[in-house]
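First comes the structure, then the notes that go with it.
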Amino acid sequence: MTNINKTDEFGKVLKECNNIVCFTGAGISTESGIPDYRSKGGIWENFQPVYIDEFLRSKEKRILYWQRKIELWEGISNGKPNSGHMFIKKLYDMNKLTGLITQNIDGLHEKSGLPKKIIINLHGTNLETICLDCGYLIPSEKVFAKIDLDKDVPLCPECNGFLKPNTISFGQQLRPNDLEKSKMLSESCDLMMAIGSTLVVQPAATFPMLAKKTNAKLAIITLSETPLDNYADFVFHMKIGEFVEIFSELS
């Protein structure tokens, strides 16, 4: 139900709104060459995920976890923001963007220059690694530069606890503070733009609908249909790069 004929109307809304929140999913990053985790042909078709309790109790599972992270790290570390990420950064530069809620763990929004203070990484980020015991944080590039699984998995230099990329693993709960901040942003915005998400992963996908219920305009930009298409004010089923070409001059 792409309403491409409503481009003029959406352009007007985009110009008028000054309290925009963006919600992004894997679709914005696939255009930077970052693999999609869940769709057909995605990572989870080839890799069985390691749950957090398995990581904690099994050396074999910890090694398996890190083997997969090593395999994915080159693509993540070399990933570059695309026009979709830069479109969101432009909204911030124009004092229109008040917050970004993302399901992605690739750090491309940070790489676009968007300040960390307005980014809510619901599922964490691969750009930093955390000690599960003491909370020590270290840039992931430093960990991957020295990793040697023939010796052991990476351990914390402060307490010798287990290190793990600072992402939400299977079996872990999302951070309550992130959920609360996302709720507050969603309830206070005048425009919610859901970009590159199928809007099926819960509880993350509740935020665009929450914004709609609190009188914000809702725009969905993604290739596939979503459960919220019928509720949205604007739906653009297209590549995000194509969307940006249309609206970059209007923002």
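The values are calculated or read from the model by the stated rules, or taken from the named source; none is laboratory data. Quick caveat, the model's predicted, so the values are computed rather than measured. No Cβ is skipped: glycine too gets one built from the backbone with ideal geometry, and neighbour counts run over all protein chains shown. What goes into the accessible areas is simple: the full protein's heavy atoms, side chains included, and nothing from ligands, DNA or RNA. Shrake-Rupley method; radii C 1.70, N 1.55, O 1.52, S 1.80 Å.
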Discussion item. Return the residues of region 102-116 that are of a type outside the set (D, E, K, R), open to solvent by 10 Å² or more (accessible area, probe 1.4 Å) and farther than 21 Å from Glu74 by Cα; say none if nothing qualifies.
Written reply: Pro115
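From the list Phe207, Phe162, pick out the single residue that is open to solvent by 50 Å² or more (accessible area, probe 1.4 Å) and in contact (Cβ under 8 Å) with a residue 40 or more places away in the chain.
On the way: Phe207 fails: open to solvent by 50 Å² or more (accessible area, probe 1.4 Å).
After applying the criteria, what remains is Phe162.
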Fill in: Answer residue from region 117-137, given it is open to solvent by less than 30 Å² (accessible area, probe 1.4 Å) and among the β-branched types (Val, Ile, Thr) and is nearest to Ile34 (Cα to Cα) among those
Thr125
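Quick one: in region 145-169, which of the residues that are of a type in the set (Val, Ile, Thr) and assigned to a loop (DSSP other than H, G, I, E, B) is farthest from Leu56 (Cα to Cα)?
We begin by selecting, within region 145-169, every residue of a type in the set (Val, Ile, Thr); these are 147, 153, 167-168.
Filter once more, keeping what is assigned to a loop (DSSP other than H, G, I, E, B): 147, 153, 168.
Working: Ile147: 18, Val153: 12, Ile168: 14 Å.
Within region 145-169, the match that is farthest from Leu56 (Cα to Cα) is Ile147.
For region 149-159, name all the residues that are touching a strand residue (DSSP E or B) at 6+ places or on another chain (Cβ under 9 Å) and farther than 28 Å from Asn104 by Cα. Spell out the reasoning first.
Filtering region 149-159 for residues touching a strand residue (DSSP E or B) at 6+ places or on another chain (Cβ under 9 Å) gives 153-159.
Correct list: Glu158, Cys159.
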Discussion item. Suppose we filter region 180-204 for residues that are over 14 Å from the mean Cα position of the chain (by Cα), open to solvent by less than 70 Å² (accessible area, probe 1.4 Å) and closer than 22 Å to His85 by Cα; how many remain?
Written reply: 6
Worksheet item: Does at least one position in region 70-89 carry a residue that is loosely packed, with under 14 Cβ neighbours inside 10 Å, polar (S, T, N, Q) and at pLDDT below 95?
Response: yes
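For region 138-148, name all the residues that are more than 17 Å from Glu158 (Cα to Cα), open to solvent by 40 Å² or more (accessible area, probe 1.4 Å) and touching a strand residue (DSSP E or B) at 6+ places or on another chain (Cβ under 9 Å). Quick ask: steps written out before the conclusion?
If we filter region 138-148 for residues that are more than 17 Å from Glu158 (Cα to Cα), which is where we start, we get 141, 144-145, 148.
Keeping just the survivors that are open to solvent by 40 Å² or more (accessible area, probe 1.4 Å) gives 141, 145, 148.
Correct list: Glu141 only.
Sort through Gly11, Gly41 and tell me the only one that's open to solvent by 30 Å² or more (accessible area, probe 1.4 Å) and at pLDDT below 95.
Numbers: Gly11 fails: open to solvent by 30 Å² or more (accessible area, probe 1.4 Å).
When all the criteria are applied, what remains is Gly41.
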Practice prompt. Exactly one condition in (1) without any contact (Cβ under 8 Å) to a residue 24 or more places away in the chain; (2) crowded, with 17+ Cβ neighbours inside 10 Å is not met by Thr98; state its number.
Written response: (1)
Worksheet item: Among the candidates Ala232, Ala204, Ala194, which residue alone is touching a strand residue (DSSP E or B) at 6+ places or on another chain (Cβ under 8 Å) and modelled with pLDDT under 95?
Response: Ala204
